[in-house]
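The values are calculated or read from the model by the stated rules, or taken from the named source; none is laboratory data. The shown structure was predicted, so the numbers you read here are calculated from the model rather than taken from an experiment. Quick reminder, even Gly has a Cβ in these numbers, built from the backbone with ideal geometry, and neighbours come from all protein chains shown. To get the accessible areas, we keep the full protein, side chains included, count just its heavy atoms, and leave off ligands, DNA and RNA. Shrake-Rupley method; radii C 1.70, N 1.55, O 1.52, S 1.80 Å.
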Amino acid sequence: MKIAILKERRDGETRVAATPETVKKLIGAGHEIHVEKGAGETASLPDDLFEAAGAKMGTLAATLKDADAIYAVRTPDDATLAKLPKGCLLVGLLEPHGDKAKAKSFADAGIDALSMEFTPRITRAQAMDALSSQSNLAGYRAVIEASQIYRRAFPMMMTAAGTVAAAKAFIMGAGVAGLQAIATARRLGAVVSATDVRPAAKEQVASLGAKFIAVEDEEFKAAETSGGYAKEMSKEYQAKQAELVASHIAKQDVVVTTALIPGRPAPKLITKAMVETMKPGSVIIDIAAAMGGNCELTKPDEIVEHKGVSIAGFTNLPGRLAADASALYARNLVNLTPLLVDDDGKLAPHWDDEVIVGMALTRDGKVVHETLK
Ligand code: NAD
């Protein structure tokens, strides 16, 4: 099939949905790859590398002409969507949660859309799971960003001039991003603690050498869905959790928050009052900023200073590692591709496969995802 890779047009989006490595793999599997000129520039992938890998470079119009599938990072803007060939397959991080209007617009335009966010969390789909590949990088980058903003060192240092104390880092939400944040903060020498509402997180946190802190009541024991995600916790649980967090956070230097509930606003775990108990110079990196943030004071894509505490709300941390984020995301797409074609390599999504059932938003002019009908 003919696969089109477009330049991402969303403000601040630096990633690209293919790399020379994945172009070669896709061509090797019999596909034709067209890449819009300049698509890889912000991910350190100039056009000549794509050309050398066998991609045909062209304008937006030439790239889209007769494309069977569009591989994208984010939803293309309206002007670009209007140019997609009718009947094509669009695959990307389409931010579909609860967005019935968007799903309807794909259906009305005759676009079959697959959302990478809805990749089922089953073993077979792990190599296609873009949320995991991107969250892992986000967790790493969050700690690196914290280390830049924090005006002290992370590791303990004993010098002739005296001792520099180790930073205390607290990671809230120990999923894919949180576990990587724990590992990164530990590597830098911080003393790390972490919290989560899923019991499974306890052992994982401990195995990385961090201290686990949580309200471990009956609700906690049942907080994980069959899909591996957290449930939204009750008001009572949230109140108990807030009490625990309040006493712990006052002693922390660096806090990384990653707590998310799929399709829901991010739980508010850090209040303004809690921030005010933190020492001047402390840093909060809120990975959940794009979903409203885990801290009351978070502003998307801003670093807010409140009484000496910096609260950073980066909404696209993987985009700050565009080369690696693109490489992993593009491999997720390569791993998905066999489920999109027939034995002759022609576009024929396996609509009955549970992976495609999970990801499909629209098909043949209709919204098919149960949550978006
Ligand atoms: P996520 O991004 O949806 O949420 C991040 C973390 O925040 C989660 O660990 C969640 O439990 C936590 N959280 C939610 N509400 C909270 C609250 N009020 N207080 C504290 N923490 C809160 O989660 P994720 O990173 O996508 O991963 C969730 C789980 O799924 C992990 O156990 C991960 O290992 C698992 N997973 C499985 C597969 C697979 O089997 N294919 C793939 C990826 C992830």
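Being aromatic (F, W, Y) and either free of Cβ contacts under 8 Å to residues at least 40 places away in the same chain or in contact with a Lys or Arg (Cβ under 6 Å, 6 or more places away or on another chain) (or both), is that true of even one residue in region 331-352? First the steps, then the outcome.
Our first condition is that a residue be aromatic (F, W, Y); within region 331-352, this holds for 351.
Those left that are additionally either free of Cβ contacts under 8 Å to residues at least 40 places away in the same chain or in contact with a Lys or Arg (Cβ under 6 Å, 6 or more places away or on another chain) (or both): 351.
There is at least one residue in region 331-352 that is aromatic (F, W, Y) and either free of Cβ contacts under 8 Å to residues at least 40 places away in the same chain or in contact with a Lys or Arg (Cβ under 6 Å, 6 or more places away or on another chain) (or both).
Being open to solvent by 50 Å² or more (accessible area, probe 1.4 Å) and farther than 25 Å from R331 by Cα is the filter here; which residues of region 100-131 pass it?
Across region 100-131, the qualifying residues are K100, A101, K104, S105, D108.
Restricting attention to helices (runs of 4 or more DSSP H) lying wholly within region 169-228, give those where 1 or more residues are among the polar types (S, T, N, Q) and near the ligand (Cβ under 9 Å from one of its atoms).
The helices (runs of 4 or more DSSP H) meeting that bar are 200-207.
Do the conditions hold for A72, that is, is it within 20 Å of the chain's Cα centre (by Cα) and at pLDDT 95 or above?
Considered against the rule, which asks whether it is within 20 Å of the chain's Cα centre (by Cα) and at pLDDT 95 or above, A72 comes out as yes.
Being buried (at least 21 other Cβ atoms within 10 Å of the Cβ) and under 19 Å from the mean Cα position of the chain (by Cα) is true for just one of A266, A183, A210, A190. Which residue is that?
It is A266.
When you go through T80, T119 one by one, which is the residue that is β-branched (V, I, T) and under 23 Å from R264 (Cβ atoms)?
From the options T80, T119, the qualifying one is T119.
Among (1) open to solvent by less than 30 Å² (accessible area, probe 1.4 Å); (2) closer than 18 Å to L244 by Cβ, there is one condition G175 misses while meeting the rest; what is its number?
(2) is the only condition that G175 fails.
Against the definition (out of contact with any His (no Cβ under 7 Å at 6 or more places or on another chain) and away from the ligand (no atom under 11 Å from the Cβ)), how does V255 come out, yes or no?
yes
Looking only at region 213-244, how many residues end up being open to solvent by less than 60 Å² (accessible area, probe 1.4 Å), closer than 16 Å to G175 by Cα, touching a residue at least 12 places away in the same chain (Cβ under 8 Å) and not aliphatic (A, V, I, L, M)?
3
When you look at A142, is it buried (at least 17 other Cβ atoms within 10 Å of the Cβ) and within 16 Å of the ligand (Cβ to nearest atom), yes or no?
In short, yes.
Does V275 meet the test of being in contact (Cβ under 8 Å) with a residue 12 or more places away in the chain, assigned to a strand (DSSP E or B) and either more than 12 Å from the ligand (Cβ to nearest atom) or of a type in the set (A, V, I, L, M) (or both)?
Here the answer is no, as V275 does not meet what is asked.
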